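Chemist: Right, I'll just put the structure down here and ask away after.
The numbers here are math on the coordinates, done by the rules we state, and not lab data. Everything numeric in this text was worked out from a predicted model, so none of it was measured. Here the Cβ is made from the backbone with ideal geometry for all residues, glycine too, and neighbour counts use every protein chain on show.
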Amino acid sequence: MKKIFLILFLIIIIISYILFSAPKKYIISSSLPLSGIMKNMGESIKYGTLAYYNNFNIPNKEKIKFIFKDDKYEPDLMKTNIINFYNNNSFLLYGLTGTPTVKAVLPFVNEHSIFVFAPFTGAEFLRKNKNVVNFRASYKDEIEHIINYLLKKHINKISLLYQNDDYGDEIYLHLCDTLKKHKLSLSSVGTYERNTYLIDSALNSISSSKPQAIILGSTAEIAALFIKNYRKIDKNVLFITISFVNPDKLISLIKNKNNIIFSEVVPYYKANITEAKNYLTSLHKLNPKTEPTFYGFESYLATKILISAFNHLTFPYTQEHLKKIIKKTPKNIFKDIPIEYKNNQLLNKTYLYKYKNNVFKEIQ
């Protein structure tokens with residue numbers, strides 16, 4: 001009889017431990033630009049996240065809390081935010097924005113084994129980090145798609161404008177490697193400093209080689225300024241943007257949308273597919289005045305995967321357990337959007353668009 005009571009007592013202790021070991025609240029923290037030159041991007045990510053979180057029936061929703069802090073797209077500010085998140089018991093980091101900013105916090109992330117999900121950068125070094133699970137396809141994937149398209153169009157005089165930091169370096173190196181595979185090299189390059197508008201030197205450097213196409217590894221604001229000024233030199237050159245160049249912001253900054261190709265990692269948010277329709281409906285419910293964007297749609301989809309993983313999170317309620325669940329995300333979680341975990345990312349397809357008649361149209 002004593003053995004039975006002892007066994008029952010142990011069972012009660014174990015069950016109690018399992019029940020009470022679950023965190024009372026899961027804090028999901030994000031550092032992103034909510035002011036400054038990249039404000040539009042940060043707000044799009046925030047509203048896309050909340051569009052899913054606020055408008056769907058989520059089990060134990062009260063246990064999940066999103067926190068967003070502004071870093072102005074500056075590495076030191078992101079570092080400060082991440083340390084504060086860690087000291088205040090954040091369960092994971094989500095939606096960290098920008099290559100140079102994310103790279104700056106990786107030593108702290110790695111030291112404390114903090115889980116980072118869906119950073120908004122296509123940097124290759126994040127595909128090799130055990131503490132990170134990427135949602136979006138990589139810059140390398142985008143560049144290979146872009147170059148294949150250009151070569152099919154017999155465009156081989158290609159130049160690059162890029163931001164003089166880790167983001168720009170990623171674009172430059174992948175572009176050089178991809179061109180080398182085709183026995184080609186860049187016609188010319190031009191750089192500018194992050195969070196500045198100083199592009200005169202880049203204009204001179206790039207125009208000297210008279211390229212057929214210029215790839216823009218910049219921000220939307222710099223891309224708009226560069227396009228306007230370069231068209232005074234050559235009206236016929238083709239511009240191609242990397243996904244970090246917010247297409248929605250860019251088209252709002254220039255009148256002539258011709259001869260621009262936009263690279264992206266998600267389908268058009270107004271496409272006739274279920275997830276896009278749900279995103280538009282949810283965003284309108286959240287705030288009718290908020291405009292849909294590619295970034296918003298990307299964060300909406302990433303949030304759906306994250307919340308789905310939380311719904312399957314059980315004992316031992318750890319970051320590592322959540323990470324494994326996300327990596328095993330069902331391939332059919334989205335209708336019409338392919339998902340497969342490989343190369344430490346869930347999205348593997350990239351898209352090319354042109355803007356015509358007030359809509360983005362995919363280039364097949």
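Chemist: Take the cross-link list Lys249/Lys331; Lys152/Lys324; Lys180/Lys328; Lys128/Lys277; Lys255/Lys289; Lys277/Lys331 and give me the ones stretching past 28 Å between alpha-carbons.
Modeler: On the way: Lys249/Lys331 31 Å; Lys152/Lys324 40 Å; Lys180/Lys328 35 Å; Lys128/Lys277 34 Å; Lys255/Lys289 23 Å; Lys277/Lys331 20 Å.
The pairs that break the limit, which is 28 Å between Cα atoms, are Lys249/Lys331; Lys152/Lys324; Lys180/Lys328; Lys128/Lys277.
Chemist: Still on this structure, I have one more. Measure off 7 Å from each Cα along the Cα-to-Cβ vector at Asn156 and Ser205, then give the distance between these two points in nanometres to one decimal.
Modeler: Each label point is offset 7 Å from its Cα along the Cβ direction, giving 2.5 nm.
Chemist: Taking 0.36 nm per residue of sequence separation and subtracting the Cα-Cα distance, how much length would be gained by fully extending the chain between Asn358 and Glu340, in nm to one decimal?
Modeler: Additional length available on full extension: 3.3 nm.
Chemist: Given a 10 angstrom Cα cut-off, can you work out which residue in Gly296, Gly36, Gly122 is the most mobile in a GNM of the chain?
Modeler: Looking only at Gly296, Gly36, Gly122, the largest GNM fluctuation is found for Gly36.
Chemist: In addition: For the residue pair Lys39 and Thr314, what label-to-label distance in nm results when each label sits 7 Å from Cα along the Cα-to-beta-carbon direction?
Modeler: Computed distance between label sites Lys39 and Thr314 equals 4.8 nm.
Chemist: With N denoting the number of residues in the range 129-265, provide Rg(C-alpha) divided by 2.2 N^0.38 Å, to two decimal places.
Modeler: For the range 129-265, the normalised Cα radius of gyration is 1.00.
Chemist: How far, in degrees from 0 to 90, does helix 99-111 lean away from the longest principal axis of the Cα atoms of the chain, to the nearest 10?
Modeler: Helix 99-111 and the main axis of the chain meet at about 30 degrees.
Chemist: Counting pairs of alpha carbon atoms under 8 Å apart in space and at least six apart in sequence, what relative contact order in percent does the range 173-262 give?
Modeler: The normalised contact order for the range 173-262 reaches 24 percent.
Chemist: Test of understanding: in a Gaussian network model of the chain with alpha carbons linked when under 10 Å, which of Gly42, Gly217, Gly190 would top the mean-square fluctuation ranking?
Modeler: Its mean-square fluctuation being the largest, the pick is Gly190.
Chemist: Sticking with this one: Which aspartates and glutamates, if any, have their Cα less than 15 Å from the Cα of Lys46, not counting same-chain residues under 8 positions apart?
Modeler: Answer for Lys46, where 15 Å is the Cα cut-off: Asp70, Asp71, Glu291, Glu298, listed by chain and number.
Chemist: Per 0.36 nm of contour for each residue apart, how much would the distance between Leu253 and Asn348 grow if the chain were fully extended, relative to their Cα-Cα spacing?
Modeler: So the chain would gain 31.3 nm between Leu253 and Asn348.
Chemist: Nearest 10 degrees, 0 to 90: what angle lies between the long axis of helix 274-286 and the longest principal axis of the chain (Cα atoms)?
Modeler: On a 0 to 90 degree scale, this one is about 80.
Chemist: Have a look at Val133, Val116, Val237 and tell me which one the Gaussian network model of the chain (Cα, springs below 10 Å) gives the largest fluctuation.
Modeler: Val237
Chemist: Ok, one more. With contacts defined as alpha carbon pairs under 8 Å and 6 or more residues apart, what's the relative contact order of the chain in percent?
Modeler: Worked out over the chain, it gives 19 percent.
Chemist: How big is D, in µm² s⁻¹, for the range 96-198 by Stokes-Einstein at 25 °C and 0.890 mPa s if Rh is the Kirkwood radius over C-alpha pairs?
Modeler: The diffusion coefficient I find is 164 µm²/s.
Chemist: What does the helix-only formula give at 222 nm for the chain: each DSSP H stretch with n ≥ 4 adding -39500 (n - 2.57), the total divided by the residues, and the result rounded to the nearest 500 deg cm²/dmol? Display every interim value, and only then the final one.
Modeler: Values: 12 runs with 159 residues, N = 364.
Result for the chain, helices only: -14000 deg cm²/dmol.
Chemist: Right, next: Under 22 Å between alpha carbons: how many lysine pairs meet that in the range 62-113, if sequence neighbours fewer than 8 apart on the same chain are excluded?
Modeler: Lysine pairs meeting the criterion: 5.
Chemist: In a solvent-free Debye calculation with one equal scatterer on each Cα, what is log10 I(q)/I(0) for the chain at q = 0.09, 0.11, 0.13 Å⁻¹, listed in the order of the q values?
Modeler: Those come out to -0.52, -0.74, -1.02, one per q.
Chemist: Go through the range 154-231 and name the trypsin sites (Lys or Arg not before Pro) that are in a DSSP coil and have 12 or fewer other Cβ atoms within 10 Å of their Cβ.
Modeler: Lys183
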